[in-house]
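To keep things clear, I will list the structure first and then write my remarks on it.
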Amino acid sequence: MTPRVLVDATAIPADRGGVGRYVDELLPALGRAGADLVVVCQERDAEQTSALVPSAEVVTAPVAIARRPARLAWEQVGLPQVVRRTRADVLHSPHYTMPARAGVPVVTTLHDATFFSHPTLHGGLKARFFRRAIRGAVRRSASLVVPSEATRDEVLRYAGGTAARFHVAYHGVDRSVFHPVSVQERERVTTTLGLAQGEAYVGFLGTLEPRKNVPALVRGWVQAVGDVPSPPALVLAGGAGWDEDIEPAIAAVPPHLRVIRTGYLPLTDLAGFLAASTVLAYPSHGEGFGLPVLEAMACGAAVLTTRELSLPEVGGDAVAYCGTTEHEIGAALRDLLQDEERRRTLGDAAARRAALFTWDTAAEVHLRAYAAAAG
């Protein structure tokens, strides 16, 4: 018997980052797989959710839960009422937190364990909150979904639990958005960024937070290109974040080098930005998965990243690797910038490997997690 699953999508942010991208891609895949779904979401998302998964019953939560404290309180009291009203067999909580008393088995998604392994890369309050949420989910969830083996192993290491309850569901990549694009599309996007036609650049995509290691990337890029003719620019794309060391690093860049900060890029510009980069650099201290790496790979970019936590599970042999210090980043970046043939080989291999990561495969793992919880 297929369990009736209630997915709590109320934690999705308005900008669709993070958990929003995960839920927005997972729901249609679950619908294609024939899941019996109910989705509870915020009122602003109801129309979009219905369009994403027409086969699902969509329930709207109270408008008052738009603020996080109110949403967390409603999760404990109001969400169990929705479970009962919709006669769900399983509740899927897709972003760490869950009701203490849901009334049915709960499947919780844990995206990241760096709140334990790298606590100084997060704000103190945030790290404490998510450590407590993860420990609670491990104690009370019938099944746990994680995006990588590294995340599973780190949660087991720091929060305990049993390996049998973990289900590794690698994220997929939307090939309708992320794919190799034409020269014209690359030129269109780079022109909007203020780059000259054909101008080389090292790209970065992600929130500018301490975990992404952007100050070391800035300094490593200076070491790699500071003394070469026609040095490539450094283009930092993504939300401003809270890394206070980025501005001083940029301020120290020699005047003959150029750093461009784009802020959020429209989804329609991301493929062109990634594909046109000479190197897409992502020297993170650690990721639960590393979706920007996979998206860059799908666009055929030559990617430079680290071997921290989940990143080798995503990149495999189709990306270049470096350490996390500015000197290690600089040396690896210089080598890659000087080797056009290697960049081409990596880009081709990356596009092939990225095709192995699909949301339909992720949905199959989620269905197994639901069935295990219901059973």
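Against the definition (in the same structural domain as ALA350 (by TED's automatic domain parsing), small (Gly, Ala, Ser) and surrounded by fewer than 22 Cβ atoms within 10 Å (Cβ to Cβ)), how does ALA224 come out, yes or no? Reasoning before the result, please.
Numbers: in the same structural domain as ALA350 (by TED's automatic domain parsing): yes; small (Gly, Ala, Ser): yes; surrounded by fewer than 22 Cβ atoms within 10 Å (Cβ to Cβ): no.
Spelling it out, it is not the case that ALA224 is in the same structural domain as ALA350 (by TED's automatic domain parsing), small (Gly, Ala, Ser) and surrounded by fewer than 22 Cβ atoms within 10 Å (Cβ to Cβ).
Going by the structure shown, is ARG21 in the same structural domain as VAL365 (by TED's automatic domain parsing), at positive phi, under 18 Å from the mean Cα position of the chain (by Cα) and surrounded by fewer than 21 Cβ atoms within 10 Å (Cβ to Cβ)? Spell out the reasoning first.
Details: in the same structural domain as VAL365 (by TED's automatic domain parsing): yes; at positive phi: no; under 18 Å from the mean Cα position of the chain (by Cα): yes; surrounded by fewer than 21 Cβ atoms within 10 Å (Cβ to Cβ): yes.
It is false that ARG21 is in the same structural domain as VAL365 (by TED's automatic domain parsing), at positive phi, under 18 Å from the mean Cα position of the chain (by Cα) and surrounded by fewer than 21 Cβ atoms within 10 Å (Cβ to Cβ).
Assuming VAL202 fulfils every condition listed in (1) closer than 12 Å to ASP269 by Cα; (2) buried (at least 22 other Cβ atoms within 10 Å of the Cβ); (3) aliphatic (A, V, I, L, M) apart from one, which condition is it?
(1) is the only condition that VAL202 fails.
Among the listed residues VAL40, VAL53, identify the single one that is surrounded by 15 or more Cβ atoms within 10 Å (Cβ to Cβ) and touching a Pro at 6+ places or on another chain (Cβ under 8 Å). Don't jump to the end; show me each part of the working.
On the way: VAL40 fails: touching a Pro at 6+ places or on another chain (Cβ under 8 Å).
None of the others qualify; the one that does is VAL53.
Take VAL23 and tell me if it is within 22 Å of ASP360 (Cβ to Cβ), in a strand (DSSP E or B) and touching a residue at least 12 places away in the same chain (Cβ under 8 Å). Steps first, answer last, please.
Working: within 22 Å of ASP360 (Cβ to Cβ): yes; in a strand (DSSP E or B): no; touching a residue at least 12 places away in the same chain (Cβ under 8 Å): yes.
For VAL23, the condition - within 22 Å of ASP360 (Cβ to Cβ), in a strand (DSSP E or B) and touching a residue at least 12 places away in the same chain (Cβ under 8 Å) - is not met.
Search the stretch 170-191 for residues that are surrounded by fewer than 18 Cβ atoms within 10 Å (Cβ to Cβ) and pair each with any residue that is aromatic (Phe, Trp, Tyr) when their beta-carbon atoms are under 9 Å apart and the residues are at least 6 apart or on different chains.
What qualifies is ASP174/TRP359.
Return the only residue of LEU309, LEU274, LEU280 being on the phi > 0 side of the Ramachandran plot, crowded, with 24+ Cβ neighbours inside 10 Å, out of contact with any Lys or Arg (no Cβ under 7 Å at 6 or more places or on another chain) and not acidic (Asp, Glu). If you could, list the steps in order and put the result at the bottom.
On the way: LEU274 fails: on the phi > 0 side of the Ramachandran plot; LEU280 fails: on the phi > 0 side of the Ramachandran plot.
Step by step, each of LEU309, LEU274, LEU280 is checked, and only LEU309 is on the phi > 0 side of the Ramachandran plot, crowded, with 24+ Cβ neighbours inside 10 Å, out of contact with any Lys or Arg (no Cβ under 7 Å at 6 or more places or on another chain) and not acidic (Asp, Glu).
The values are calculated or read from the model by the stated rules, or taken from the named source; none is laboratory data. Since the model is a prediction, treat every value here as computed from it, not as a measurement. Cβ coordinates were reconstructed from backbone atoms using ideal geometry, including for glycine residues, and neighbour counts include every protein chain displayed.
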